[in-house]
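Written below as structure tokens is the structure these notes are about.
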Amino acid sequence: MYAIVDIAGQQFKVEAGSEIFVNRLAAEKGAAVEFNKVLLIDAEGTVKLGAPYVEGAVVKATVLDDTCKADKVLVFKKKRRKGYQKLNGHRQYLTKLQIVEIA
């Protein structure tokens, strides 16, 4: 059984027991969170498609870590023949979730 959920403006395919990284949420470590923007549920071949969301469907998760960081993204700017070079790095903060159940 899996579901497609809208979490903070992004869509994720989740299953019970899976771990995902999402953009930072306002939740503490160990907190239980629920997402009710479920777009699709597949239960052993029976597909329920929402318009836009499935009625009464909830995905429950717990926060494993609220201060994870993504891989570093390097932004390099250069203008030819002018001696201008700029290197900038960025690491996005993420929240690690473990999906408990799809109800």
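The values are calculated or read from the model by the stated rules, or taken from the named source; none is laboratory data. Fair warning: this is a prediction, and the values are worked out from it, not measured in the lab. So basically every Cβ, Gly included, is an ideal-geometry build from the backbone, and we count neighbours across all protein chains shown. Ligands, DNA and RNA are stripped out before the accessible areas are found, and what is left, the full protein with its side chains, is counted by its heavy atoms. Shrake-Rupley method; radii C 1.70, N 1.55, O 1.52, S 1.80 Å.
Data overview
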read-out	value
Residue within region 61-76 that is of a type outside the set (A, V, I, L, M, F, W, C), on the phi < 0 side of the Ramachandran plot and touching a His at 6+ places or on another chain (Cβ under 9 Å) present	yes
Subset tally (residues that are open to solvent by 40 Å² or more (accessible area, probe 1.4 Å) and under 13 Å from the mean Cα position of the chain (by Cα)) for region 1-11	5
Looking only at region 57-82, and only at residues there that are in contact with a Gly (Cβ under 9 Å, 6 or more places away or on another chain) and open to solvent by 70 Å² or more (accessible area, probe 1.4 Å), the one that is nearest to A27 (Cα to Cα)	K72
Residue pairs meeting the criteria (Cβ under 7 Å; at least 6 apart or on separate chains; first more than 24 Å from N23 (Cβ to Cβ) and among the charged types (D, E, K, R), in region 70-83; second loosely packed, with under 10 Cβ neighbours inside 10 Å and modelled with pLDDT of 95 or more)	K77/K86; K78/Y84; K78/Q85
So V54, is it open to solvent by less than 40 Å² (accessible area, probe 1.4 Å), modelled with pLDDT of 95 or more and within 20 Å of the chain's Cα centre (by Cα)	no
